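Have a look at the structure below, then the notes.
Since every read-out is calculated from the coordinates, none of them should be taken as a lab result. Predicted, not measured: the structure shown is a model, and the values here were computed from it. Ideal geometry is used to build each Cβ from the backbone, glycine not excepted, and the neighbour counts take in all protein chains shown.
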Amino acid sequence: DLVKRIRVAPAYTPEIGALLGIVPAAPSRPAPADMQPVLKSTAMPGNKVSVTFKRLFTNGVVFETKIDNAASWTEAGRFYASPADLHIPENPSGLPRSVQIRARYVEGDEPVGLYSAVDIVSTTPAA
């Protein structure tokens, strides 16, 4: 009970907890507004992009894309397991496409937190 009271004291910091030897074993959950996904995108054959991410404490992520420097972001889907496979529409000329990808975490049915850094990848058209 004393440890719980110390941890909720207004002047308590993790540094003080470390000095007292009462740092919790498991890290506390970050505030939803501060969470930001980290993405790693890989172009696959057939205009597919595979994107890996970690869910952390959330249900999943919602992806948004900009294809060939479009003016606005378009939702590309909600994914609850990594990796996510994004299917990019084929270019009418059969050329590779430039795809910008960003994501936010999803809790329940609502996007939360900060957008990820924008990941840019060029697609590999089907042969």
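Label-to-label distance for ARG29 and GLU75 is 2.3 nm, based on points extended 7 Å past Cα in the beta-carbon direction. Pick from ILE88, ILE16, ILE67: which residue has the top mean-square fluctuation in a GNM of the chain where Cα pairs under 10 Å get a spring? The residue with the greatest mean-square fluctuation here is ILE16. Distance between the pseudo-spin-label points of ASP68 and LEU114 (7 Å out from Cα toward the beta carbon): 3.3 nm. Across the chain the C-alpha pair distances fall into 5 Å bins from zero in the proportions 2, 10, 17, 16, 13, 10, 9, 7, 5, 5, 3, 2, 1, 0 percent. Residues whose amide H falls under 5 Å from that of VAL106, counting only those 5 or more places apart or on a different chain, are ASN59, GLY60, VAL61, VAL62, VAL112, with hydrogens built in the peptide plane. Using a/c under 1.5 as the rounded threshold, could you call the range 1-71 rounded, prolate or oblate? The axes a ≥ b ≥ c are square roots of the C-alpha gyration tensor eigenvalues, and prolate needs a/b larger than b/c, oblate otherwise. Because a/c hits 1.5 or more and a/b exceeds b/c, the range 1-71 counts as prolate. Using the Cβ-Cβ distance between ARG55 and LEU95 with R0 = 35 Å, the FRET efficiency computed as 1/(1 + (r/R0)^6) comes to roughly 0.55.
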